[in-house]
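Okay, structure first, notes after.
Every number here is computed from the coordinates shown, using simple stated rules; none is lab data. Because the structure is predicted, anything quoted here is derived from the model rather than measured. Backbone-built Cβ (ideal geometry, glycine too); neighbour counts: all protein chains shown.
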There are 2 protein chains.
Amino acid sequence: MELKPGVFDAEADSVRRSLGLLGIPHVAEVTTARVYRIQFDGVDASEAERLAARAVDRLLANPVIHRVTVAPAAR
Amino acid sequence: MELKPGVFDAEADSVRRSLGLLGIPHVAEVTTARVYRIQFDGVDASEAERLAARAVDRLLANPVIHRVTVAPAAR
């Protein structure tokens, strides 16, 4: 889950400034994202993906500002 | 960047409880992670990885509680 283009990412901006203050060079851009890994028991992959999408819609994401990718975990 | 095993993930716990309250079933476990994508300009991949590791050590991670993976972005 990340912020949509055009939505100000305050944490990323703070990281970019701080890296400059620390003298870490060549930083062109910083972005941030949040990962929620939800493990479902007793359901198949397609049902798990459906439930994950429901969790995103009902709880995790604000569609005004967030861009979300739902995908099986790389295990 | 994620919390080390044994470090309580308050946000994940809150998500797990809220999914239960919302009636989303079969949730066995929730974990969270934070992604910082840092783009470096004018350096090769190995130098970028070295600078990213320095950013982690100097700014982003607390080694007491965080487990960090530094990797080239999948573009």
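Tell me the residue from B:A74, B:A53 that is more than 16 Å from A:A33 (Cβ to Cβ), more than 8 Å from every other protein chain (Cβ to nearest Cβ) and aliphatic (A, V, I, L, M), please.
Only one candidate passes the filter, namely B:A53.
Mind listing just one residue for me: the one in the range A:1-25 that is exposed (fewer than 11 other Cβ atoms within 10 Å of the Cβ) and among the small types (G, A, S) and, of those, nearest to the other protein chains (Cβ to nearest Cβ)?
Ranking the qualifying residues of the range A:1-25, first place goes to A:G23.
Tell me whether the range B:19-31 contains one or more residues that are free of Cβ contacts under 8 Å to residues at least 40 places away in the same chain and more than 23 Å from A:D41 (Cα to Cα).
Within the range B:19-31 (the criterion being free of Cβ contacts under 8 Å to residues at least 40 places away in the same chain and more than 23 Å from A:D41 (Cα to Cα)), the answer is no, since none of the residues qualifies.
Look at the range B:1-55 and say how many of its residues are assigned to a loop (DSSP other than H, G, I, E, B) and in contact with a strand residue (DSSP E or B) (Cβ under 6 Å, 6 or more places away or on another chain).
Counting residues in the range B:1-55 that are assigned to a loop (DSSP other than H, G, I, E, B) and in contact with a strand residue (DSSP E or B) (Cβ under 6 Å, 6 or more places away or on another chain) gives 5.
Go through (1) within 10 Å of another protein chain (Cβ to nearest Cβ); (2) out of contact with any Asp or Glu (no Cβ under 7 Å at 6 or more places or on another chain); (3) within 21 Å of B:G20 (Cα to Cα) and name the single condition A:Q39 misses.
Just one mismatch for A:Q39, condition (2).
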